[in-house]
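Beneath this line is the structure, given in structure tokens, with notes to follow.
The values are calculated or read from the model by the stated rules, or taken from the named source; none is laboratory data. Everything numeric here is computed off the predicted structure, so don't read it as measured data. Using ideal geometry, Cβ is built from the backbone for each residue, glycine included, and neighbour counts are taken over all protein chains shown.
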Amino acid sequence: MAKTPRTTTTVRDLRSGNQSRALWDVYLNGPLTRQEIADHAGLSLASVSNLVGALLRQGVVEEVGLEDSNGGRPRGLLQVNPEYGFVIGVDMGETAFLVELFDLGMQVRARHVSTTTDEHPTPEEAVGHMLDGIRAVTAEAGVDDDRILGIGVAVPGLVEHGRDANSDAVVHGQSIGWPGVPLERMLRRGTDLPILIDNGAKTLGQAEKWFGAARDTDDAVIVLLGIGAGTCVISNRQLYRGATSSAGEWGHTTVSIDGRLCRCGARGCLEAYIGAGAIAARYDQLRRRRRRTRSIELEERVAAILNAGPDDPAAREVVKETVDYLGAGIADLVNLFNPERVVVGGWLGQALTERLLTPIRKAAGKHALTLPFSHVEIVEAALGKDAVALGAATLPVASLLAGGAVTGEPYAHSRARARARPGLART
């Protein structure tokens, strides 16, 4: 039996780990006092004072006021300095590309949207749109490249991350005709900035976990519902990926043997019943008409179906079916993962929950086991339509926090971790 190699923990490793814990806490829960950081991280106040001193000198954190201490000496409040660096989030949709530049307070400093008339862009077209957007937001914000910590890219499809830091991320977009596209390598031909790539449902989930409707939960499932349907599973406060980072492909679970044809090529997938294209196609079927709806038109068409009045029986039937299948799909998530909360997001998820959250909850209750359903909340996402891009931008932020920003050179830390595996869900 092979021996496990021994690893040596150095003083630098311990310092980096402690600094990382402190920095995560300040970023996600700040402003905090030094005493609060010490209590949360399980460190001595002296250790925290030393770590905070280094972070203050580096410019990663800043003092933002004083907290009264019951008659004693006021205690300084600390938060991550929003001007320490900047990050870019890219939401690659199937017909639109959203690129946003954020400071470390996750305030949008610049925004760029472009669309394509193609049903599915080729990888080369997609890369062109994304690079154009990256150049546009950096120019609009007036931020030099050496102040950008990295670029997070959210894509539709599975993202294969290599087993080591030198392996490029590869996108397997079966529903959009992308078989094993080396997207990271293609993007790096047009930018020297660090790039981290992940599935859009996972970036949405990370955004909602850090800042939104899943923030105060240890176990949650965040649903992304649009043209496709996916999830991000948070288990014991961590983002669950599975063996090949493809966990959460909820839209391709089978709900009907030999059922409707899904875009992935299989039959009976949940996405073929609750995805935006499926809703429009079912409406046309009930109206006995043939119409091919382009992806770029789907949001408008689905809104019209959801807003149709009582004189449109086809719309009523489609809405009922969608609620029933979505409820059953959520019940499966409740039975499988036993979450505290299911958060429904994405542009279609938002449209459905704004109008139909109560019937969706009832439909889920009909199919879920009584015990886990009695302990779950089903809620709307909190962060709106741009949450996927926001979540993508958290990928380089997570890289910075995970390393504790131990370098004395601002911005260099993220470049050293340019190919790190993305996505940490923390509290």
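When each of 37, 88 is tested for being at pLDDT 95 or above and of a type in the set (Val, Ile, Thr), the lone residue that passes is 88. Of the residues making up region 244-279, those that are surrounded by fewer than 21 Cβ atoms within 10 Å (Cβ to Cβ), aliphatic (A, V, I, L, M) and free of Cβ contacts under 8 Å to residues at least 40 places away in the same chain are 247, 257, 261, 266. Flag not set for residue 243, criterion: within 24 Å of residue 299 (Cα to Cα), out of contact with any helix residue (DSSP H, G or I) (no Cβ under 9 Å at 6 or more places or on another chain), in a loop (DSSP other than H, G, I, E, B) and of a type outside the set (S, T, N, Q). Applying a threshold of 6 Å to beta carbon distances and a minimum spacing of six or more residues, or different chains, the list of pairs starting in region 381-397 at a residue that is surrounded by fewer than 24 Cβ atoms within 10 Å (Cβ to Cβ) and ending at one that is in a helix (DSSP H, G or I) reads 383/207; 385/347.
Where strands (runs of 3 or more DSSP E) fall wholly inside region 147-236, the ranges with 2 or more residues that are surrounded by fewer than 23 Cβ atoms within 10 Å (Cβ to Cβ), in contact (Cβ under 8 Å) with a residue 12 or more places away in the chain and not assigned by TED's automatic domain parsing to the domain that holds residue 344 are 158-160, 170-173, 178-181. Taking the numbered list (1) touching a Lys or Arg at 6+ places or on another chain (Cβ under 8 Å); (2) part of a strand (DSSP E or B); (3) at pLDDT below 90 in turn, residue 99 passes all entries but (3). Take the conditions out of contact with any Gly (no Cβ under 9 Å at 6 or more places or on another chain) and not assigned by TED's automatic domain parsing to the domain that holds residue 276 and apply them to residue 144. Does it pass? It is true that residue 144 is out of contact with any Gly (no Cβ under 9 Å at 6 or more places or on another chain) and not assigned by TED's automatic domain parsing to the domain that holds residue 276. Residues in region 364-380 that are buried (at least 16 other Cβ atoms within 10 Å of the Cβ) and in a loop (DSSP other than H, G, I, E, B) were compared, and the one that is nearest to the chain's Cα centre (by Cα) is 376. Only a single item in (1) modelled with pLDDT of 95 or more; (2) in contact with an Asp or Glu (Cβ under 9 Å, 6 or more places away or on another chain) is not met by residue 374, and it is number (2).
Please indicate, with yes or no, whether at least one residue in region 114-137 is of a type outside the set (Asp, Glu), assigned to a strand (DSSP E or B), under 23 Å from residue 224 (Cβ atoms) and not assigned by TED's automatic domain parsing to the domain that holds residue 275. Yes. Residues that are within 19 Å of residue 45 (Cα to Cα) and among the hydroxyl-bearing types (Ser, Thr, Tyr) were ranked within region 1-31; the one that is modelled with the lowest pLDDT is 16. In region 270-280, is there at least one residue being of a type in the set (Val, Ile, Thr) and closer than 27 Å to residue 202 by Cβ? Yes, some residue in region 270-280 is of a type in the set (Val, Ile, Thr) and closer than 27 Å to residue 202 by Cβ.
Could you tell me which residue of region 335-363 is surrounded by the most Cβ atoms within 10 Å (Cβ to Cβ), considering only residues that are touching a residue at least 12 places away in the same chain (Cβ under 8 Å), aliphatic (A, V, I, L, M) and farther than 19 Å from residue 279 by Cα?
Result: 343.
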